[in-house]
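Right, one structure below, let's go through it.
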Amino acid sequence: MKLLFICTHNRCRSILSEAVTNHAASGRLEARSAGSQPSGVVHPLSLKYLQARGIATTGLHSKSWDDLEDWKPDAVITVCDSAAGEACPIWLGDTVKVHWGLSDPSKLEASDDEVAAAFNETIDIIETRVARMLEENLDQKFGSELLEALLKLTQEQ
């Protein structure tokens, strides 16, 4: 199953979601991320906290959703509120779309320990949701059945 994580700037939450999903999914899920207005760079703390947890960061980069036009996801998951309100590009057609609404740890103005805790909490949420996706065999569901399962999973937390 192919998952596309979207966040406006594709520099933190969508990048974390892509990396965590690909790390945890053992090939059952294939994740990519993109943004409607990509910043062009991955937030350095995203890379730092992924690497600290042993999650590969090779190949992660901030990109436009237009760069993925030839890659057809089974589901699109928006992870920031502004991306949730944007119209997805036409090439996504009737792809299943859900919203995870993750807080942005890269915008937290706090101590190093508080920032680390925020990044790790966001990664924990993503890991939990991906684990539930795998437990519920979401990679074997499509269309309305997939949408219903994704919405249920999102409401669990």
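Considered as a group, the residues in segment 117-139 that are in contact (Cβ under 8 Å) with a residue 60 or more places away in the chain and surrounded by fewer than 17 Cβ atoms within 10 Å (Cβ to Cβ) include one that is farthest from R53 (Cα to Cα), and that residue is L134. Scan segment 140-157 for residues that are free of Cβ contacts under 8 Å to residues at least 12 places away in the same chain and surrounded by 16 or more Cβ atoms within 10 Å (Cβ to Cβ) and the total you get is 1. Does S103 fit the bill of being of a type outside the set (A, V, I, L, M), closer than 23 Å to T154 by Cα and outside any helix (DSSP H, G or I)? Here the answer is yes, as S103 does meet what is asked.
In the set D74, D113, D104, only one residue is farther than 17 Å from E18 by Cβ and charged (D, E, K, R); that residue is D113. Is there a residue in segment 62-77 that is more than 25 Å from M1 (Cα to Cα) and not hydroxyl-bearing (S, T, Y)? Looking for residues that are more than 25 Å from M1 (Cα to Cα) and not hydroxyl-bearing (S, T, Y), one finds none in segment 62-77, hence no. Pairing residues of segment 43-60 that are under 18 Å from C7 (Cβ atoms) and hydroxyl-bearing (S, T, Y) with residues that are in a helix (DSSP H, G or I) and open to solvent by 80 Å² or more (accessible area, probe 1.4 Å), at Cβ distances under 6 Å and at least 6 apart in sequence or on separate chains, gives T57/Q51.
Considered as a group, the residues in segment 100-116 that are acidic (D, E) and without any contact (Cβ under 8 Å) to a residue 12 or more places away in the chain include one that is surrounded by the fewest Cβ atoms within 10 Å (Cβ to Cβ), and that residue is E109.
The values are calculated or read from the model by the stated rules, or taken from the named source; none is laboratory data. Since the structure is predicted, the reported quantities are computational estimates derived from the model, not experimental observations. For neighbour counting, all protein chains shown are included, and Cβ atoms are generated from backbone atoms with ideal geometry for every residue, glycine included. When the accessible area is computed, the model is the full protein with side chains, heavy atoms only, and any ligands, DNA or RNA have been set aside. Shrake-Rupley method; radii C 1.70, N 1.55, O 1.52, S 1.80 Å.
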